[in-house]
Structures are given as C-alpha cells and as structure tokens.
Amino acid sequence: MSKIKIPQNLLPQDGRFGSGPSLVPDLAVQELAARAREFMGNSHRQANVKGLMARFQQGCKQLFQLPEEWEILMGNGGASVFWDALSFCGIEAKSQHLSFGEFSSKFARIVAAVPHLLEPEIIESELGSCAEPVFNKEIDFYALTHNETSTGVVAELLMPAAETAGAAKASQAGRNFLTAVDATSAAGAISWDPSQLDIYYFSLQKAFSADGGIWVACCSPPAVERFQKLANERWCPSSLDLNLAYQNSIKNQTLNTPAIATIFLAVHYLDWVLENGGLIWAENRCRASSQKIYDWAESCSWAEPFVKESKNRSPLIATIEMDENISSSEVSAVLRENGIVDTDSYRKLNRNQLRFGLFPVREPEDASALIACLEYVVENL
Ligand SMILES: *Cc1c(COP(=O)(O)O)cnc(C)c1O
C-alpha cells in the first residue's frame, strides 16, 4: 500500500472510471432486484420476457430515431462475436477497415484470416487520429468504428464519398456496399445519422451501463438483404447466422437464451435517457464531464490530452498523456487503493497514459472530483 490517502471530501461519488464495463448505477441494480421475479428465471419464450425485448428494440428505434423499416437484431456473444458473424454474413468478398486502435485493428485482423474472403483493405492511421473511408468499387463492406475505446478517438460517420457525391442514399437499389459501424462504446451516448449507415452494432456494458454478453445491431433493409443472401449462399454456423438472428429478432427473441438481467438494465438506461430528452441530452452530459478533463489537461504542466485534434476527442473516453517523470501506472495504482478504479491506459498500447470512462450515467461533478484527486495524488507522490 502507498501512504497516499486522498481526503474523503475530494473523492467522486462513484469511483468506477473504467472504459468498459462502465459503471452500473446502483438505482438500476436495485430496480432489477425489486422486479427480478417478473423476468429472471422466466422462460424467454413467454410474453413478459419477450415484452422486455420488444421494449428494448422499440426504445432503440426511438433513441436513434431510426426509419421505421430498420430492424434491431440481437444475439449472444457481444461485439466480438458479431465480428465473426459479419465475416460470414456481412462481408460478401472484400472489406475496407479504418484501423486506428486496438478494437478497429482487431476486426481487420479477424477478417484477414477468413479463408472465404479476399484480403481486406486496411487504412491505418496513427494512434490518436482517425482516417476517412475511401470509395473503391471493389469494396462491398466498409468497417468503421464510432469511438475507438482504446485511444479515446471519436470518428465522424460518413459513408464513402463517391456515394454521397452521387445519387442520394434513397437510391439504395443501385448501391452494392454496406457501411457498418462498431459503436460498442459510443452507442447510446453519441448521436449519429442513420442515412449514412447500414449497420450500427454494439454491446451493452459500455454507454448503456448494463452488463456484457449480448450484441445488438441496428440494421437497414439493405443490410438485412445481404444477411439473407449470404446465409443462403455459404455455409455458416447457426450461432453466427445473421439471417437466423433476424428471423428471431422480429419475433422479439434471440436464437438461444439471452442474459435477461443485461436486457433489463439496458431498458432501464433507455427509459432514463428518453425521459430526460434523448440522445443529445446523453451526449451533452458526457461532454460536460470530458470537457472538464480536456480543459484541465490542456492547462496542466504534467498532463495533456492524448488526442491532439479536439474534433477527434471522444466525449466519453478521455485519454490523458502524462509527463515522462510521472508514472501513470503508479498514479492509477494509488487511485485504485483509494477506490478510483480502472483508470489505466489500454493494456496493449503500453503508453504513459491514464484513461477515464465518462459515460452518460456519470454525474459530471465527478469529473471535477477526479481532477482534484489526480492533483492530490501527483503532489504527494
Ligand atoms: C468493448 C469493445 C468491443 C468488444 O466488446 P465485447 O462485448 O467485449 O465483445 C469491441 N469494439 C469496441 C469499440 C469496444 O469498445
């Protein structure tokens, strides 16, 4: 144990600053406990649980203001398993990937190893920045990432330029590519425009402040058509078959038993955000937190925002580069002893950084408390 004890009055209300899983509000867990008998230990094929699924799906459509014909697909395994599913049912032959951190590069690596697909085109950019998709007529699938959780970079989501410059998206018929976005950490906290995309997928243990294990994909009609076509054309394990997932989802079901508690917590989050004003409200709430951290870091002599361009700075994952004379791992260890946990930089990046998850459920005041704690720790190291 270090000797540094942060005074009680400086500490945040909730010390869980992880970038995923995010903190789960006590209130949501209490509500789950109070209503558990209605849902937990009940068949997922009966009306009460299917009703919960339907509420989640309807709530997502409302939150993201999706066109009526979009579908919310769900399945087991989280975003990582959805990557595998996309390698069977999403990519026809050749994909393009914007690679700018651990998660975006991982999907590209998975696809590169798939025997039935062509070598993917990978556009890499320096950590802390982000590239744009480049139209290429050989590409049938563009893989974007909304918020690169490992570095704290947020991307602008636009379909490749040839399309936007040409006929309007309304002429879906002539378009033979899909644009898919890994929004695992962004979904529910950053607004986006469905007219630019076909698949917006995520897990529920990040901005939705629920628990892990489930993937969710908001899908346009061309995406569903692609799933049906590929599931018919090539062999696919049934747990990765997105046409089967679609067939189940339209009946408010999943292929096999889902984690009901996770869905319950996600519905709790949806209700809370929708009652308070929707996605923009949630986004502003995390911006209020992260802006405090970025402003502070810019004026601090021993820290600076890792992401240089302010437009690329994530509103919900703030990554701070530390002066070389201060060890970020020492700081995060002291924070942990004081109840402020999971502030380490992404394990594989191996940089002298701290990283803070500032999801909408966090009280923005806690970002100010975090700053006070950081200053206290560094002064006393
Ligand atoms: C967390 C994360 C994943 C992985 O999610 P799982 O649910 O653990 O599979 C993928 N992409 C991004 C951007 C993430 O933040």
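The values are calculated or read from the model by the stated rules, or taken from the named source; none is laboratory data. Source: prediction; values computed, not measured. Here the Cβ is made from the backbone with ideal geometry for all residues, glycine too, and neighbour counts use every protein chain on show. Protein only, heavy atoms only, side chains kept; ligands, DNA and RNA dropped before computing areas. Shrake-Rupley method; radii C 1.70, N 1.55, O 1.52, S 1.80 Å.
Taking the listed residues S104, S2, the one that is hydroxyl-bearing (S, T, Y), buried (at least 19 other Cβ atoms within 10 Å of the Cβ) and under 30 Å from K348 (Cβ atoms) is S104, with no other qualifying.
Kindly indicate whether T257 is hydroxyl-bearing (S, T, Y) and buried (at least 21 other Cβ atoms within 10 Å of the Cβ). In short, no. Considering region 69-101, the residues that are aromatic (F, W, Y) and either within 16 Å of the ligand (Cβ to nearest atom) or in a loop (DSSP other than H, G, I, E, B) (or both) include one that is farthest from K348 (Cα to Cα), namely W70. Taken together, S209, S220, S239, S203 contain a single residue that is more than 16 Å from the ligand (Cβ to nearest atom) and of a type in the set (S, T, Y), which is S220. Among the residues of region 41-62, those that are farther than 27 Å from G278 by Cβ and surrounded by 14 or more Cβ atoms within 10 Å (Cβ to Cβ) comprise N42, H44.
Checked against (1) buried (at least 18 other Cβ atoms within 10 Å of the Cβ); (2) in a loop (DSSP other than H, G, I, E, B), G212 passes all but a single condition, namely (1). Residues in region 191-200 that are open to solvent by 10 Å² or more (accessible area, probe 1.4 Å) and under 13 Å from the mean Cα position of the chain (by Cα) were compared, and the one that is nearest to the ligand (Cβ to nearest atom) is W192.
If you go through region 319-347, how many residues are within 21 Å of D14 (Cβ to Cβ), among the hydroxyl-bearing types (S, T, Y) and in a helix (DSSP H, G or I)?
Summing the residues that are within 21 Å of D14 (Cβ to Cβ), among the hydroxyl-bearing types (S, T, Y) and in a helix (DSSP H, G or I) in region 319-347 gives 1.
Answer yes or no as to whether I139 is of a type in the set (V, I, T), under 18 Å from Y201 (Cα atoms), open to solvent by less than 10 Å² (accessible area, probe 1.4 Å) and assigned to a loop (DSSP other than H, G, I, E, B). Taking the combined requirement at face value, the residue does not satisfy it.
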